[in-house]
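Derivation of every value follows stated rules applied to the coordinates shown; laboratory data play no part. Keep in mind that this is a model prediction, so the values were computed, not measured. Cβ atoms come from the backbone with ideal geometry, glycine included; neighbour counts cover every protein chain shown.
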Amino acid sequence: MFDRTHDTKIRVAAFTWLAKQKAIHGAELPRTLLQQGFPFEGRRVPLVGPQGIFKPAILHQVPLSITTVANGPYNDTFSTDNFLHYRYRGTDPSHRDNVGLRTAMTSRIPLIYFYGVAPGRYLPIWPVFIADDDPSALTFTVTVDEMQYLTLPEQSDIAGFGDYLLTGEDTDTPRRNYITAATRVRLHQRTFRERVLAAYQRQCAFCRLRHEELLDAAHIIPDSHPDGEPVVSNGMALCHLHHAAFDNNFIGVNPDNFVLEVRPDILSESDGPTLRFAIQGLHETPFFTPENKLLRPNRELLRMRYDQFRNSDRTA
């Protein structure tokens, strides 16, 4: 028999633990940490397992989390409606994992979604809800909400819930649609950043700075442009300073030879050592490109930006 109070205590403990881990480790958490999990009433509760739909042994019926692995076998994707379509476990709608998610849907029970941004690194999203079930497509539709809209206990001690029930009342579909769409953008940005930094060996393509905290995944063509797709060939790893310099056309990349050029009016300025060494000193130096030719900047996109850079010359 499903014990809603027992289920609630564990989910709130999981949510609380995840919030603490993000404060310690940042937005992305290592799989090893999630596998180890958190202590609960003398037991260890892992948050992920070998399968994408995961129910720890301490829970009786409904899974605790769903996971999309980076470069994994399942095609969990956001569609044009901005919802996440999460694949069934296997092809049997009656598999216990699929039945568990179906129960989460009918009972409006919140889950955790772990999105793999790189092998062994996950971005946790919670609470998420199963909003729809499509057996013909073998997929569940997942929406994202925020903790403030859940009915949560006022007391901080989760051991004293009594008959308290944790639930998400699906009374504001537009709100969830908006939050889910915003989450989609955030996840795609994370994925783009990870893939770009990996392609460039986690160093600035202009100055070779290797401190990841100071690196960005810069777009060659902005994502607001029709051609500005979040793919590695439209990106480059740049430190914060050189990202701003590239975006503001202080520095351009010649698409014919991948050589950096500094705008003539910037070259002629007199300023302190930052301008002299960090900007002017890059003139006519080579641009660092990924070893994999397929991941190198798209020359046509680079030429579009280079033309923009050349037209920005204020001395012309």
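Apply 1/(1 + (r/R0)^6) to the Cβ-Cβ distance of T106 and L33, taking R0 = 22 Å, and write down the FRET efficiency to the nearest 0.05. Intermediate values should be presented prior to the final figure.
Values: r = 32 Å, r/R0 = 1.44.
With a Förster radius of 22 Å, E is 0.10.
Under a Cβ-Cβ cut-off of 10 Å, what is the net charge of the residues other than A217 that fall near it, where Lys and Arg count +1 and Asp and Glu count -1?
Working: positive: R190, R193, R195; negative: E194, D216.
Around A217, the surrounding residues sum to +1.
With charges set only on the Cβ (+1 for Lys and Arg, -1 for Asp and Glu), what does the dipole of the chain come to about its Cα centre, in debye to the nearest 20? Spell out each step's value before the answer.
Details: 34 positive and 37 negative charges, 175 e Å.
For the chain, the charge dipole is close to 840 debye.
Where does the charge balance sit around G37 when Lys and Arg score +1, Asp and Glu -1, over other residues with C-beta under 10 Å from its C-beta? Walk me through the intermediate numbers first.
Details: positive: R43, R44; negative: none.
After counting each charged neighbour, the total is +2.
Considering lysine pairs in the chain that are 8 or more places apart or on different chains, how many have Cα atoms under 29 Å apart? Present the calculation step by step, with values, prior to reporting the outcome.
Values: K9/K20; K9/K22; K9/K55; K20/K55; K22/K55.
Summing the qualifying lysine pairs gives 5.
Among N177, N98, N292, which one shows the biggest mean-square fluctuation in a GNM of the chain, springs joining Cα atoms closer than 10 Å?
N292
Using a Gaussian network model of the chain whose springs link C-alpha atoms within less than 10 Å, name the residue from T173, T274, T285 with the highest mean-square fluctuation.
T274
Checking understanding here: applying a Kyte-Doolittle mean of at least 0.5 and a length along the axis of at least 30 Å (C-alpha), which whole DSSP H helices in the chain pass?
Numbers: long enough: 4-25 (31 Å, -0.46); 173-199 (39 Å, -0.76).
Answer set is empty.
Counting only other residues whose beta carbon sits under 15 Å from that of V62, what net charge do I get with K and R as +1, D and E as -1?
On the way: positive: R4, K9, R11, K55, R89, R96, R102, R108; negative: D3, D7, D97, D133.
Here the count lands on +4.
Run the numbers on segment 1-133 and let me know its relative contact order in percent, using alpha-carbon pairs under 8 Å that are six or more apart.
Details: 192 pairs, mean separation 30.4, N = 133.
23 percent.
Provide the three semi-axes, in whole Å and in decreasing order, of the ellipsoid equivalent to the chain as defined by the square roots of 5 times the Cα gyration tensor eigenvalues. Walk me through the intermediate numbers first.
Details: eigenvalues 430, 82, 58 Å².
After diagonalising the Cα gyration tensor, the semi-axes are 46, 20, 17 Å.
Which chymotrypsin sites (Phe, Trp or Tyr not before Pro) in segment 7-100 sit in a loop by DSSP (not H, G, I, E or B) and have at most 16 other Cβ atoms within 10 Å of their own Cβ? Could you put the intermediate results ahead of the total?
Working: sites: F15, W17, F40, F54, Y74, F78, F83, Y86, Y88; in loops: Y74, F83, Y88.
Counting only loop positions with at most 16 other Cβ atoms within 10 Å, the chymotrypsin sites (Phe, Trp or Tyr not before Pro) in segment 7-100 are Y74.
What 222 nm value per residue comes from the helices of the chain, counting each DSSP H run with n ≥ 4 as -39,500 (n - 2.57) and dividing by all residues, nearest 500 deg cm²/dmol? The partial results should precede the final answer.
On the way: 7 runs with 92 residues, N = 316.
Mean residue ellipticity at 222 nm (helix-derived): -9500 deg cm²/dmol.
For the pair T77 and D3, how long in nm is the line joining their label points, each one 7 Å along Cα→Cβ?
Each label point lies 7 Å from its Cα, and together they span 4.3 nm.
Quick one: compute the contact order of the chain, relative version, from alpha carbon pairs under 8 angstrom and 6+ residues apart, as a percent. Provide the component values of the computation, followed by the final result.
Numbers: 515 pairs, mean separation 38.3, N = 316.
Reported as a whole number, the value is 12 percent.
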